[in-house]
Each structure stands twice: as C-alpha cells, then as structure tokens.
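Data block below; observations after.
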C-alpha cells in the first residue's frame, strides 16, 4: 500500500512539473515577415538572441554607440530615463555597441551605466540595413510600422528624443 501511494505521489508530482513548465514557457507573439527596418536579429551582451521584428507596433529608438564615445556617455542616461518613463506606453530602446574594446567591456559598461534597456552588439544584419555609421552616436527613430522616421547623428538632449517619442506615441 505504501509503495502504491509513493508511485501515485511521484506520478502526480511529475505531472505537475510538466504542466508548470509548459504553462510558464514564454510564448512570443507572431512576428511579421515585413517589419521593414526591424527585419533583423542581434545578440545581446548576455548572448541571448533578439528578434527585432518583435518590436513591430512599438516606437523603437535604435542607438549605435560604443564604450569609448564621450557623447554616447552623455546621451545614455537620457535613454535610461526615457525608457523608464515610456516603455509601458509602447517605447523600446535598443543600444547597439560596436564593441571595439570587446563584449566584456560593453557588458561592464552597460552595468556601470545602469542601462535598463536592451544592449546588443553590432552584426552583419544590422550593417546591411543601417550601414556602418561614420559618427557615433547615430540614432534611428523607428515608428510603429518599422519605418525610419529620423536618423540623428551626434548627441541630442533628452527633450529632443522625448518630443519625438511623445509625437509618435500620440501623447501630449
């Protein structure tokens, strides 16, 4: 009798583990095959893949930067604040580092700067779509349809980007 109860308990436990793992699996929304300027993937600084098409329907700030860039260092805190304020309203920010000093340097930098948005490394797919910017920071503002609204070369203050974000999100 005791052995039978143990087997039954083991079977129920196994069933619960299976149900829990299936129920907790992240399901991603279907992605569009034509997301225009979001038709690419990157690897984040933790080696996780990022399918940019999943951002279709959001306003995306795509910022090309690197750790040694002074204007980038000035601009990043603005993006941290903007992401805190507008991510729940449809904003996504992705910082794409060239990583001239290596992935570990980028990873440490993002931690030191308190970057709360996705930080990724430049790859061939991004170069095919956006080219290789001659100056950084170079930031692309992409609308909900995956279209570039503006290409910004060089440093801009927080209010510049905030006005663009509010306009695209139709916030007053």
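General observations
- Filter pass, residue 34 being surrounded by fewer than 16 Cβ atoms within 10 Å (Cβ to Cβ) and either modelled with pLDDT of 95 or more or more than 21 Å from residue 122 (Cα to Cα) (or both): yes
- Pairs, first within 12 Å of residue 61 (Cα to Cα) in region 148-163, second assigned to a strand (DSSP E or B), C-beta under 6 Å, six or more apart: 148/140; 148/142; 149/141; 150/141; 151/140; 152/139
- Of the set (1) modelled with pLDDT of 95 or more; (2) touching a strand residue (DSSP E or B) at 6+ places or on another chain (Cβ under 7 Å), all apply to residue 74 but (2).
- Scan of region 41-53 for residues that are more than 17 Å from residue 127 (Cβ to Cβ) and outside any strand (DSSP E or B), ordered by number: 45, 46, 47, 48, 53
- Of everything listed in (1) over 18 Å from residue 132 (Cα atoms); (2) within 15 Å of the chain's Cα centre (by Cα), the single unmet condition for residue 70 is (2).
- Of residues in region 130-157 being closer than 24 Å to residue 53 by Cβ and in contact with a helix residue (DSSP H, G or I) (Cβ under 6 Å, 6 or more places away or on another chain), the one surrounded by the most Cβ atoms within 10 Å (Cβ to Cβ): 142
- The one condition in (1) over 28 Å from residue 167 (Cβ atoms); (2) crowded, with 19+ Cβ neighbours inside 10 Å; (3) in contact (Cβ under 8 Å) with a residue 60 or more places away in the chain that residue 67 fails to fulfil: (3)
- The strands (runs of 3 or more DSSP E) falling completely within region 54-162 that include 3 or more residues that are within 15 Å of residue 42 (Cβ to Cβ) map to 59-65, 91-97, 118-121.
- Residue check, residue 134 within 21 Å of residue 70 (Cβ to Cβ) and more than 16 Å from the chain's Cα centre (by Cα): yes
- Of the residues making up region 88-112, those that are surrounded by 14 or more Cβ atoms within 10 Å (Cβ to Cβ) and over 15 Å from residue 142 (Cβ atoms) are 97, 98, 99, 101, 103, 105, 106, 107, 108, 109, 110.
- Residue 51 without any contact (Cβ under 8 Å) to a residue 12 or more places away in the chain and surrounded by fewer than 18 Cβ atoms within 10 Å (Cβ to Cβ): no
The values are calculated or read from the model by the stated rules, or taken from the named source; none is laboratory data. This is a predicted model, so every value here is computed, not measured. No Cβ is skipped: glycine too gets one built from the backbone with ideal geometry, and neighbour counts run over all protein chains shown.
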